[in-house]
Each structure stands twice: as C-alpha cells, then as structure tokens.
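Since the structure comes first, as structure tokens, the remarks are kept for the end.
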Amino acid sequence: MKEKLEIIRELLANNQEIDASKIHILMLDLFKTQFKGLHVENYIGDYPTFIEPVYLGDKVKLGDDVLLGPNVYIGKNSEIGDYVQLTNSIIFDNVKIGANINLENCIVAKDSSLNFNNPNIKNCIIIGKADSEEDLKKISFSI
Amino acid sequence: MSDKEEREIQRFMELDSNKLTKGKERELAIQIEEDIMNQNEVLADQINQEFKKYNIKSIDIVGAIGAGKTAIIEKILEKLASKYRILVICGDVTTRVDANRIEKHNAESIQINTGRECALNAYHINQIIKNKDLNNYDLIIIENVGNLICPSDFILGTDKRVTIVSITEGEWVIEKHPMLFKMSDVAVINKIDLAEILETDVDKMINDAKKINPNIQVITTSAKTGKNIDKLIEIFGLEN
Ligand SMILES: Nc1nc2c(ncn2[C@@H]2O[C@H](COP(=O)(O)OP(=O)(O)O)[C@@H](O)[C@H]2O)c(=O)[nH]1
Ligand SMILES: [Mg+2]
C-alpha cells in the first residue's frame, strides 16, 4: 500500500501536468486490492464512526461526529473538522478540512487546507489552500 | 439556528432526550427526529430491494452486550461458510474484535465502529453495499451494536431481524425490553447450557416473547455446545 500511495504522492507533486485519470485508476486499484481493516490506533479526538477500511496516520486530529469510510486514508498530522464525512478518499499529510465538509471519491494533496465549511465535494483532486469553495484548486476525475 | 445547534439537537434525539429541549428548539427537535426516522426507512427499503435484486438473504442480529451474538454467528459459519458466500457486518462502538473473530471462519467481515451511536442504521449499511459488488454474496449477516433498546429505532432493510438474549441476563430480560421482540421475526434464548445452574425459568422467557409478539419464533440455543444451531439455521430459511 505504501508504494502505491507514494506513486500517487509523486504524481501529485508534478506541478506541470497532473494526470488525473492515472491517479484515479491508481486510487481505485488501491481501494480494491490493498485496503482492508481498521488501522486507527493513533488519532487524537472523540470516538468517530468508522466503516472499514480506514487508515489513519500518526496524530491525525478528528473533530466531533466525524464519519470515515469505507475506503479512507488520512496521512499524519492532518486535521478533520466536526461533522466531516469522508468516503472513498485519500487525504495526504498535514491537510486541514473544515467542519461539515463531505468528500467522496477525492484526493487531497499534502499541506492543503479547506478553510471553509459545509460543501459536498466529489470526484476530484484538491491541491493547495482555499478559504472558500470558489478558491479551491480542483482537478476533476472523468467519471 | 446554526448548523452546530441543529446537530446538538440531533444529539438530544439520539439520546432520546428531546425533553431536554424547549420551545422552538423542541419543535425543531421533533421535526428532525421524524426526518431521521423517515430517511432511515426509505434507505432500509432501498437496501432490501438491492438484496432481493441480487438474491441475497439477509439477517440483522440484535441483542445485549455479551448475549452471544458473535458466538452464534461463528457457529453458523462453521456450518455454512463452505456453502454460502457470506458477508458479516459487525457493529460495535469501537474495536475490531468481532470482525477478527468472524474472519477465522472463512467469511468476509466488515467492522463498523459507531462511536457515540448506540445502534447501526440504514445509512451505515448503505455505505457498505454501494461500495461492494453484490454479485459476490448469497448471505449477509449483520451483527448490530450490543444493545436491547436503540436498535428498535432503526431497521436495516434485512429480510429477518433476530433478537438474541441469554440465560445470564435473567428471566425478566424479555418482558423488560418488549420493543425489539415486537419487531423481530425470531427470538433466540442463548446460553441454554447454563439454565440449570442458574435455575432460570426458561418457559417464562419463551411465554413472554410470545405474549409480546404472537408471530415470533422462539428457540433456545447454546453457542457453547452447539445445541439447536441447526434448527436456527433452518428457521433462517438456510440449508444446512
Ligand atoms: N456458556 C455459554 N457461553 C456463551 C454462549 N454463547 C456465548 N457465550 C460466551 O459469552 C461471551 C460473550 O459472547 P459474544 O459472542 O462475544 O457476545 P456478543 O457481545 O453478543 O457478541 C463469550 O465469552 C462467549 O464465549 C453459550 O451459549 N453458552
Ligand atoms: Mg459481538
């Protein structure tokens, strides 16, 4: 799993041109073939709802009433706001996600932050910091 | 009213304490409760149709903590895992203990941790089945969170609901928790191997269940000795 995640991480770091469909295929393959069980030993926060498979890196902070899964990976030091729901999504390290945001079939690149609340966001890659949904740098998957 | 306040009200609802709210909040609390219930029923209905479409038999097992829900599922798997393609969904507040137990019996299992919620609901189940290829299963068994109260609020869309109690819970356990028996198809009185030592009035328990729900099928079992597990499988409409 680490290797595949690393490949996605590297593809995301390529600032010139991001191959969204390649990344999407990699993510779906990862979910299908390698995601399994609950790996949630070191998070900080209340008891959230987990529908496995769920992977949490070190020192992930979870707000109140968070629902994660199925198929969720969150990298270390990321912060997830109250009432957030994540499904079929990969969140890399040091990400901040605002309260009550709902992500489905998304990848959030490392160090990104979504400093706003509420929207439902689906089927895309998110990179960088944004203070509103309009600010968000999104690269959609073709579905 | 802010989103946060609304969610707080939802929390009162979950605790079944809308009496804690008053005035306008109380109206909203009641409205939200109705919405949640309706939403759960709509989803449960969809789930049931999906199961039917794929010809999957489905059972929701509820009962108190320690009644023997997982132990009975394990016994059933010993007999059926080679004949049916089975998915077991295990609900617990936290940990993966039950899913790990189930996996030892050659069945696929998925753990749901409900955190602060005291029962599974149709949304949890829907999240799982919409991410699965249902062609791969003949039978889905759901072990609900250990609780004799909350699950009565949330049906899950299964063909059958089964409530398991055990001899060690005392002979009054059924009469004290009528709701679940009203809405169950089968009542299982487990740990029957202990009835003699504990001098439990098992007939009283059986009669209580039938008084509460004349249509309920009642069976005594022991997941320890295997007593009546075959019969239970038959009651579920499954082939041994
Ligand atoms: N004597 C006896 N013990 C049982 C029986 N069924 C379950 N147990 C024990 O009761 C405890 C709780 O069982 P478990 O399956 O975890 O209950 P659950 O919380 O309802 O899933 C375990 O130690 C089981 O071994 C039974 O029929 N007879
Ligand atoms: Mg159990």
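The values are calculated or read from the model by the stated rules, or taken from the named source; none is laboratory data. The model shown is predicted, which means the values in this text are computed figures rather than measured ones. No Cβ is skipped: glycine too gets one built from the backbone with ideal geometry, and neighbour counts run over all protein chains shown. Quick note on the areas: whole protein, heavy atoms, side chains included, nothing else; ligands and nucleic acids left out. Shrake-Rupley method; radii C 1.70, N 1.55, O 1.52, S 1.80 Å.
Numbers at a glance
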read-out: Relative contact order computed over chain A (Cα-Cα under 8 Å; 6+ residues apart), in percent; value: 14 percent
read-out: Electrostatic dipole magnitude of the stretch A:2-140 [Cβ: Lys, Arg +1; Asp, Glu -1; Cα centre; debye, to 20]; value: 340 debye
read-out: GNM top mover of B:Ile86, B:Ile206, B:Ile128 - chain B, alpha-carbon springs below 10 Å; value: B:Ile128
read-out: Buried area at the B-A interface (accessible, heavy atoms, 1.4 Å probe, summed, Å²); value: 1800 Å²
read-out: Rounded to the nearest 10 Å², the accessible area of B:Met37 at probe 1.4 Å; value: 50 Å²
read-out: Anchor B:Lys210: aspartates and glutamates whose Cα lies under 17 Å away (excluding residues fewer than 8 positions away in-chain); value: B:Glu171, B:Glu175, B:Asp185, B:Asp201
read-out: Cα→Cβ-extended label distance, 7 Å offset, between A:Ile18 and B:Lys53, nm; value: 3.3 nm
read-out: Over the stretch B:81-137, equivalent-ellipsoid semi-axes from the Cα gyration tensor in Å; value: 21, 16, 7
read-out: 222 nm mean residue ellipticity, helices alone, for chain A (DSSP H n ≥ 4; -39,500 (n - 2.57); rounded to 500); value: -6000 deg cm²/dmol
read-out: Under 5 Å, built H, 5+ apart or other chain: amide partners of B:Thr221; value: B:Ile189, B:Asn190, B:Lys191, B:Ile192
read-out: Per-bin percent of Cα-Cα distances, the stretch A:1-135 [10 Å]; value: 13, 50, 33, 4, 0
read-out: Pairs of alpha carbons in chain B whose separation is greater than 22 Å (percent); value: 55 percent
read-out: Within chain B: Cβ-based charge dipole about Cα centre, in debye rounded to nearest 20 (Lys, Arg +1; Asp, Glu -1); value: 400 debye
read-out: 10 Å Cβ neighbours from other chains, averaged over peptide A:64-73; value: 4
read-out: Cα-based equivalent ellipsoid, the stretch B:118-234: semi-axes from gyration tensor eigenvalues, Å; value: 27, 17, 12
read-out: Point-charge dipole on Cβ atoms (K/R +1, D/E -1) for the protein assembly as shown, about Cα centre, debye to 20; value: 720 debye
read-out: Reach of A:Lys129 by Cα under 22 Å, taken over lysines that are not fewer than 8 positions away in the same chain; value: A:Lys59, A:Lys61, A:Lys76, A:Lys96, A:Lys110, A:Lys137, A:Lys138
read-out: Leading residue at positive end of dipole, the protein assembly as shown (Cβ point charges), from B:Ala107, B:Met37, B:Ile141; value: B:Ala107
read-out: When each of B:Lys176/B:Lys211; A:Lys36/B:Lys160; A:Lys4/A:Lys122; B:Lys52/B:Lys130; B:Lys191/B:Lys231 is checked by Cα-Cα distance, pairs over 19 Å; value: A:Lys36/B:Lys160; A:Lys4/A:Lys122
read-out: Per-residue mean of C-beta atoms belonging to partner chains within 10 Å, peptide A:45-51; value: 6
read-out: Phi-based couplings in Hz for the stretch B:142-151 (Karplus 6.51, -1.76, 1.60; Gly and Pro marked x); value: 10, 9, 6, 4, x, 4, 9, 10, 3, x
read-out: Residues A:Glu3 and B:Lys104, FRET efficiency given R0 of 25 Å [Cβ-Cβ distance, rounded to 0.05]; value: 0.30
read-out: Packing-based ranking, highest mean first, of B:222-230, A:105-113 given that Cβ atoms within 10 Å are counted; value: A:105-113, B:222-230
read-out: Candidate aspartates and glutamates - alpha carbon under 17 Å from B:Lys53, same-chain residues fewer than 8 apart omitted; value: B:Asp45, B:Asp133, B:Asp138, B:Asp159
read-out: Overall dimensions of the protein assembly as shown as given by Cα atoms, namely Rg and Dmax in Å; value: 22.6, 77
read-out: List of the stretch B:81-110 residues, accessible area with partners at least 40 Å² below that of the chain alone (1.4 Å probe); value: B:Arg96
read-out: Solvent-accessible heavy-atom area per residue, rounded to whole Å², over chain A at 1.4 Å; value: 46 Å²
